[in-house]
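Engineer: One structure follows; several queries about it will come next.
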Amino acid sequence: MNIQLKRDQEFIDELNTKLENDGPFTNWNLFKMSYDSSLATMTKEFKGLTAPNHLPHMTFLEHQLECAQQIVEEMNGRGILADEVGLGKTIEAGLILKEYMIRGLVKKALILVPASLVNQWVNELNQKFYIPALSQRKRPVWDQENIVVTSIDTAKRQQHKDIILEQDYDFVLIDEAHKLKNHKTKNYEFVRSLKKKYCLLLTATPVQNKLSDIFNLVSILKPGYLGNYEDFTNQFGKDRKNLFNDAHLKQLIQKVMVRNRRQDTGIDWTKRKVETVWIDFTKEEQEAYDELTRISKDSASFSSITYTRELCSSREACYMSLKKMLNQDKEIVNRTDYESFLGRIEQLPHHAKADKVVELIKDTDEKFIIFTEYRASQLYLQWYLQQHGISSVPFRGGFKRGKKDWMRQLFQNHAQVLIATEAGGEGINLQFCNNMINYDLPWNPMRLEQRIGRIHRFGQESDVNIYNFAIRNTMEEHVLNLLYEKIQLFERVVGNLDSILADLNIGNMEEEIQTIFKESATDGEARIKLENLSSVISFAQQNNSEEDWNGTRESS
Amino acid sequence: MALENLHDFMTDYFIANQCEILENENGKLHVQLTDKMDEILMNRPFYWQYVKKLGYPGEPMTVSFITNPERREEEGEWVHFGSPRIHQIFRTLTNQGKYTRLFEENNTSQRTALVPWLVINMKISYTGKHKRDEIISIGLQLINGAMKIDMMDELNKISLQSSIADFSYTMTPIIRLKSGYQRIIQYLERYLQQQNHEWAQESWNHLQEEKQLLSHFYQNSGDDEEYENRFDQEMNDIENRFQPFIELSVINGGLFYLSQLTSNKLFI
């Protein structure tokens, strides 16, 4: 063994010079204070976390402290943080980074997160951890000693990439790391090439599709730890379930990955109260809906399903799409039918759902988030609420970062309602609000889970109320009854639905449902097909017995 | 922890930097900064640049600090052991308080000879898989080469001042400053050799294991240059992470002239 010794030569030379020049020298008080502050900031022990003492304004949860300690002490600063959504992976990562900074082991760090989260990360690191993180804007700061937060897309642009790859990073963090599961992508290549000492990968879904996902993630942290690719597949196969079923593999992975699940944390999570709100169309609306269904049946176009779906949301949404279609200069089989239907829409009263929203909200001061699938419905709702003296702000995934933050603030401080067209996916945290109206349901259950995750997360102090709107005697009734109720999506706290859908090779749920509606000759046929789809899913759910992650940890 | 009382530490700091204390009670400290301290602490370089350019007198700020957690909701900046302000002050101190030359006070009218001492406060950092620091304060008498450990504790017991007292005179060192420093380093090297370095052995073993894993991972990749580069880089990453090393860095130090009496007491 060989231990290097680095000596300090600079000091004595400088002191000598100062003596020759007769100063300047410090006085005794400052000399002593300087010594005392070094005593106070030194790291006395190899082990243990010192960061929490530096952060008295924060209350950390037991599993977060344990996770940070495990990563630092047992995994030597390279690991996968794979807690379920909402357990505070950001907090754990901040704690680890802070610990290394206090110990003087990290000075230069690169934090790669989705573009929409850059600001949030910068704020949290600064406010919660006093870590002076910067976001990479126009002025490149790559070559300085600092903590930079940026998106992987920005970082790998040609003008940045070369200089970033030259840097020696003490610490690299990648959020939403499951996006790196494919080792043939540019992103994967890029992250592999970074020069890095410590490295954290954050993901709630360490294996999404194939068992090799985990092999690829681990190979970023510890190349060779799971052997090479051939060894790995020979030994463990390709089935993603083996991660939890194969005791040997699980034991190996537990040395590079921390995964907490809600039930392991011993925290009382607030409840989800889910209520289906059934709405009847008015007579005029129902007649119009039936008429549109009839017209669409004759149309060969795939999107004709969309028009009826839109009519369940608002007259405006349907009108806009029809108008757009008719304005196209091409042959449309039942153009005249559609044209006369436009006139009919104009005669319709206010939408039954919009009335229901007003009814639900008007007598309370509580804040609500309303999600709709359509931009036109969003505008309409905003106008309609205003007519009833209810203040609201809009929110769209396409908003720039600053505007998102601003809208969130307006909602928190001034408006009663936020009307969103998209979960903004990984966009914003709205846990100060605990009521959500799903004005119309997405046909992709994962998007619903993301919507709910905006408010039902750690930090939510009240029970969460979710109102799902559905109109009787329409396609919405089918989707809600046959799909959502059956797979019990609303009751599940965190779905592992994405992996189940991947197992079943259902890539796009939305298309699946669209096809069912489109290709069914009758209502009854559509119903049967939907029922089959949900049976398959709920069967897979039962089969995919809950992963038993921590089970063997105690015994191993 | 050396800073048991953060409030007193802050107070001393501002006094030592010639700032006027406007209010000081029950965990609240209200300070009138000087121009210099405003520039150092308040992070408004453009203001000072502007003021200086126009030749106006600057208006340094007054600041309130709250050290009592029960009053943290009140107006003022809550400072605690982890707050950025404290660490900013620590950083200013590492620069401000680094080099010194001090003389022991002498209130008599007797002519007193002062003996030269080189004082070095050294931080030793042990870095392997994990990291730990140790601080050693050493004094070396520059006439006879005697060495004293825990020197700061001794210096705390006497009064020191920046200029020499009227009736005192200094003795010329026999040991040159640099060779004095060498003796201190040699002492520390012996000290390190006598220790048990289990931490380093552990880290070293880990380093070898990780290197083997990496070689296995790349064994079938042939002579592809790209793989070769990546292999080298990852090998490098592993070494940076686990190669054990010890670093000596001087926190601060200087030349201290102490009375014969004090010097002799240090060895009883």
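The values are calculated or read from the model by the stated rules, or taken from the named source; none is laboratory data. Keep in mind the model is a prediction, meaning the values are calculated, not measured. Glycine gets a Cβ as well: all are built from the backbone with ideal geometry, and neighbour counts include every protein chain shown. Ligands, DNA and RNA are stripped out before the accessible areas are found, and what is left, the full protein with its side chains, is counted by its heavy atoms. Shrake-Rupley method; radii C 1.70, N 1.55, O 1.52, S 1.80 Å.
Engineer: If the chain between B:HIS87 and B:ARG176 were fully stretched, how many nm would it gain, using 0.36 nm times the residue separation less the Cα-Cα distance? Kindly include the intermediate steps, with their values, before the conclusion.
Structural biologist: Details: separation 89, 0.36 × 89 = 32.04 nm, distance 3.57 nm.
Full extension from B:HIS87 to B:ARG176 adds 28.5 nm.
Engineer: Go ahead and run the numbers for FRET between A:PHE432 and A:GLU511, Cβ-Cβ distance against an R0 of 51 Å, rounding to 0.05. Intermediate values should be presented prior to the final figure.
Structural biologist: Details: r = 35 Å, r/R0 = 0.70.
Approximately 0.90, to the nearest 0.05.
Engineer: What trypsin sites (Lys or Arg not before Pro) in segment B:119-173 are in a loop by DSSP, with at most 11 other Cβ atoms within 10 Å of the Cβ? If you can, show how the numbers build up before the last one.
Structural biologist: Details: sites: B:LYS123, B:LYS129, B:LYS131, B:ARG132, B:LYS148, B:LYS157; in loops: B:LYS129, B:LYS157.
Answer in residue order: B:LYS157.
Engineer: I've got another one for you. Would you mind giving the mean number of other chain beta-carbons within 10 Å of the Cβ of each residue in A:214-227, as a whole number? Present the calculation step by step, with values, prior to reporting the outcome.
Structural biologist: Values: counts 0, 0, 0, 0, 0, 1, 0, 0, 6, 13, 11, 5, 2, 3.
For this peptide, the per-residue mean of nearby foreign Cβ atoms is 3.
Engineer: For a test of the definition: using alpha carbon positions, the gyration tensor, and the 1.5 limit on a/c, classify chain B as rounded, prolate or oblate. Could the numbers behind the result be given before it?
Structural biologist: Numbers: a/c = 2.32, a/b = 1.27, b/c = 1.82.
Oblate is the answer for chain B, as a/c is 1.5 or above yet b/c matches or exceeds a/b.
Engineer: Right, here's the next one. Can you tell me the relative contact order of segment B:194-268? Whole percent, Cα pairs under 8 Å, sequence separation 6 or more. Could the numbers behind the result be given before it?
Structural biologist: Details: 22 pairs, mean separation 30.0, N = 75.
Relative contact order here is 40 percent.
Engineer: Another question, if that's okay. What longest range of chain B stays clear of loop-exposed GluC sites (Glu not before Pro) (DSSP non-H/G/I/E/B, at most 14 other C-beta within 10 angstrom)? Don't skip to the answer; put the middle values down first.
Structural biologist: Working: sites that count: B:GLU4, B:GLU73, B:GLU74, B:GLU75, B:GLU105.
Value returned for the longest uninterrupted segment is B:106-268.
Engineer: Give me the accessible area of A:ARG344, 1.4 Å probe, in Å² rounded to the nearest 10.
Structural biologist: Number for this one is 90 Å².
Engineer: Would you work out the relative contact order for chain A, in percent, from Cα pairs under 8 angstrom that are 6 or more residues apart? Walk me through the intermediate numbers first.
Structural biologist: Values: 744 pairs, mean separation 71.2, N = 556.
Result for chain A is 13 percent.
Engineer: Something else now. Given a Förster radius of 45 Å and the C-beta distance between B:PHE46 and A:ARG344 as r, what FRET efficiency does 1/(1 + (r/R0)^6) yield to the nearest 0.05? Walk me through the numbers on the way to the answer.
Structural biologist: Working: r = 65 Å, r/R0 = 1.44.
It comes out at approximately 0.10.
Engineer: Also, quick follow-up: Relative contact order for segment A:44-264: what is it in percent, counting Cα pairs under 8 Å that are at least 6 residues apart? Present the calculation step by step, with values, prior to reporting the outcome.
Structural biologist: Working: 329 pairs, mean separation 53.8, N = 221.
Relative contact order of segment A:44-264: 24 percent.
Engineer: On a full-extension model of 0.36 nm per residue, what is the gain between A:GLN328 and A:THR282, subtracting their alpha-carbon distance, rounded to one decimal in nm?
Structural biologist: Values: separation 46, 0.36 × 46 = 16.56 nm, distance 3.15 nm.
Contour length minus the Cα-Cα distance gives 13.4 nm.
Engineer: Between 0 and 90 degrees, rounded to the nearest ten: what's the tilt of helix A:509-519 against the longest Cα principal axis of chain A?
Structural biologist: With rounding to tens, the tilt is 10 degrees.
Engineer: For the pair A:ASP405 and A:GLU166, what calculated FRET efficiency results from E = 1/(1 + (r/R0)^6), where r is the Cβ-Cβ distance and R0 = 45 Å, to the nearest 0.05?
Structural biologist: The calculated FRET efficiency here is 0.85.
Engineer: Round to the nearest 10 and give me the degree value, 0 to 90, for the angle of helix A:89-102's Cα axis relative to the longest principal axis of chain A.
Structural biologist: Computed tilt is about 10 degrees.
Engineer: Rank these residues by their accessible area, most exposed first, probe 1.4 Å: A:LYS32, A:LYS197, A:LYS250.
Structural biologist: Details: A:LYS32 60, A:LYS197 35, A:LYS250 5 Å².
Solvent-accessible surface, decreasing: A:LYS32, A:LYS197, A:LYS250.
Engineer: Tell me whether chain A comes out rounded, prolate or oblate; compute the Cα gyration tensor, take square roots of the eigenvalues as a ≥ b ≥ c, and use a/c under 1.5 as the rounded threshold. All intermediate terms of the calculation are to be shown ahead of the outcome.
Structural biologist: Values: a/c = 2.33, a/b = 1.83, b/c = 1.28.
Since a/c reaches 1.5 and a/b is larger than b/c, the shape of chain A is classed as prolate.
Engineer: Sorted by accessible area (1.4 Å probe), largest first, how do A:LYS222, B:LYS53 line up?
Structural biologist: Details: A:LYS222 40, B:LYS53 175 Å².
Listed by decreasing accessible area, they come as B:LYS53, A:LYS222.
Engineer: Please list, by residue number, everything in segment A:55-74 whose backbone N is under 16 Å from a paramagnetic label point 7 Å out along Cα→Cβ of B:GLU70.
Structural biologist: none
Engineer: About the Cα centre of chain B, how large is the charge dipole given +1 on each Lys and Arg Cβ and -1 on each Asp and Glu Cβ? Please answer in debye to the nearest 20. Spell out each step's value before the answer.
Structural biologist: Details: 26 positive and 38 negative charges, 297 e Å.
Charge dipole of chain B: 1420 debye, to the nearest 20.
Engineer: Sort largest first and round to whole Å: the equivalent ellipsoid semi-axes of segment A:44-264, each the square root of five times a Cα gyration tensor eigenvalue. Walk me through the intermediate numbers first.
Structural biologist: Numbers: eigenvalues 143, 100, 46 Å².
With the √(5λ) rule applied to segment A:44-264, the semi-axes are 27, 22, 15 Å.
Engineer: Accessible area of A:GLU477, 1.4 Å probe, to the nearest 10 Å²?
Structural biologist: Its heavy atoms expose roughly 50 Å² to the probe.
Engineer: With the cut-off at 1.5 for a/c, could you classify segment A:360-471 from its C-alpha gyration tensor as rounded, prolate or oblate? Numbers along the way, then the final one.
Structural biologist: Details: a/c = 1.13, a/b = 1.09, b/c = 1.03.
Because its axes are fairly even, with a/c under 1.5, segment A:360-471 counts as rounded.
Engineer: Here's a follow-up. Got a sec? Which residues in segment A:221-240 would a label at B:HIS216 touch, if it sits 7 Å along Cα→Cβ and we count backbone N under 15 Å?
Structural biologist: Under cut-off, by backbone N: A:222-236.
Engineer: With +1 on each Lys and Arg Cβ and -1 on each Asp and Glu Cβ, how big is the dipole of chain A about its Cα centre, in debye rounded to the nearest 20? Numbers along the way, then the final one.
Structural biologist: On the way: 72 positive and 79 negative charges, 272 e Å.
Computed about the Cα centre, the dipole is about 1300 debye.
Engineer: Which order do B:ASP12, A:ASP463 take when ranked by solvent-accessible area (1.4 Å probe, heavy atoms of all protein chains), largest first?
Structural biologist: On the way: B:ASP12 80, A:ASP463 55 Å².
Result, largest first: B:ASP12, A:ASP463.
Engineer: Could you work out how far helix A:10-20 tilts from the main Cα principal axis of chain A, as a 0 to 90 degree angle to the nearest 10?
Structural biologist: Tilt of helix A:10-20: around 60 degrees.
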